[in-house]
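A.B. asks: The following block contains the structure, expressed as structure tokens.
What follows draws every value from the coordinates through simple rules; no lab data is involved. Values in this document were obtained by computation on a predicted structure and should not be read as measured data. In this analysis, Cβ positions are derived from the backbone assuming ideal geometry, glycine residues included, and neighbour counts consider all displayed protein chains.
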Amino acid sequence: MSIKSDKWIRRMAESHDMIEPFEADQVRFHDERRVISYGTSSYGYDVRCSDEFKVFTNIHSVIVDPKNFDEKSFVDVKGDSCVIPPNSFALARTVEYFRIPRNVLTICLGKSTYARCGIIVNVTPLEPEWEGHVTLEFSNTTNLPARIYANEGVAQMLFLESDEICETSYKDRGGKYQGQRGVTLPRA
């Protein structure tokens with residue numbers, strides 16, 4: 001396996017629609033205002049967070065159970081930013097829609113700008129032939145409210161290309177999150 005460079009990412013995005021919408025370069029300013037960077041970097045792609053958020057709440061005193069998830073555990077928020085309560089979390093999705101090639105595994109890491117504020121981004125690997133909007137989980141590890149900005153960079157995707165094609169891809173298995181759009185909650 002080898003990590004892929006900006007040149008490979010641009011080629012795959014343009015010829016295989018691997019990332020839509022796609023920014024071929026690193027964007028640091030939008031409409032003349034500074035933003036947390038997004039787009040192609042040296043060995044990855046910095047994704048943006050959409051303006052759709054689901055903020056965890058315990059007002060209904062439900063149990064968080066991945067096999068029997070209660071949607072009342074979240075409050076929907078739409079806007080240019082989202083405030084995550086202290087020691088809580090929120091779900092969001094990428095602006096970008098991904099189509100991962102059969103011989104590629106994609107790993108997501110949070111951007112240092114958020115990590116330095118105590119905000120952790122968690123995403124499971126994007127498996128070969130998975131496609132969809134990526135659901136992002138933001139954990140606010142501080143005892144203060146924390147803000148996430150929509151349409152700005154939040155995490156970096158790293159692409160690992162294998163020397164051989166996998167025997168069974170996510171698509172072959174009929175993965176339950178295949179083709180997801182919007183913020184997707186746990187499915188049993």
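A.B. asks: Note the angle between two axes, namely the Cα long axis of helix 6-16 and the longest principal axis of the Cα atoms of the chain, as a number of degrees from 0 to 90, rounded to the nearest 10.
C.D. replies: Helix 6-16 sits at roughly 90 degrees to that axis.
A.B. asks: Continuing with the same structure: Among Leu158, Leu185, Leu136, which comes first, second and so on when ranked by fewest other beta-carbon atoms within 10 Å?
C.D. replies: Numbers: Leu158 17, Leu185 14, Leu136 23.
Going from least to most buried by this count: Leu185, Leu158, Leu136.
A.B. asks: Shifting gears a bit: If a/c stays under 1.5 just call it rounded; otherwise compare a/b with b/c (prolate if a/b is bigger, oblate if not). Do that for the stretch 123-185, with a ≥ b ≥ c from the square roots of the Cα gyration tensor eigenvalues. Please list the in-between numbers first.
C.D. replies: Values: a/c = 2.73, a/b = 1.99, b/c = 1.37.
Taking the square roots of the gyration eigenvalues as a ≥ b ≥ c, the stretch 123-185 is prolate.
A.B. asks: Which order do Ser88, Ser2 fall in if you start with the one that has the fewest other Cβ atoms within 10 Å? Walk me through the numbers on the way to the answer.
C.D. replies: On the way: Ser88 17, Ser2 10.
Ranking Ser88, Ser2 by Cβ neighbours within 10 Å, fewest first, gives Ser2, Ser88.
A.B. asks: Quick check: net charge around Gln180, other residues with Cβ under 10 Å of its Cβ, Lys/Arg +1 and Asp/Glu -1? Could the numbers behind the result be given before it?
C.D. replies: On the way: positive: Arg93, Lys176, Arg181, Arg187; negative: Glu131.
Residues close to Gln180 contribute a combined charge of +3.
A.B. asks: Past 31 Å, Cα to Cα: identify those pairs from Lys7/Lys54; Lys7/Lys67; Lys4/Lys171; Lys4/Lys78, in the order given.
C.D. replies: On the way: Lys7/Lys54 35 Å; Lys7/Lys67 41 Å; Lys4/Lys171 22 Å; Lys4/Lys78 34 Å.
Too far apart for the 31 Å limit: Lys7/Lys54; Lys7/Lys67; Lys4/Lys78.
A.B. asks: Among Arg93, Arg102, which comes first, then next, by fewest other beta-carbon atoms within 10 Å?
C.D. replies: Working: Arg93 24, Arg102 14.
By the 10 Å Cβ count, ascending: Arg102, Arg93.
A.B. asks: Where a ≥ b ≥ c are the square roots of the eigenvalues of the C-alpha gyration tensor, would you call the chain rounded, which needs a/c under 1.5, or, failing that, prolate if a/b is larger than b/c, or oblate? Write down the numbers at each step before the final one.
C.D. replies: On the way: a/c = 2.10, a/b = 1.27, b/c = 1.65.
Cα axes put the chain in the oblate bin.
A.B. asks: Of Pro101, Pro128, Pro66, which is the most mobile in a GNM of the chain whose springs link Cα atoms less than 10 angstrom apart?
C.D. replies: Evaluated over the chain, the most mobile residue of the options is Pro66.
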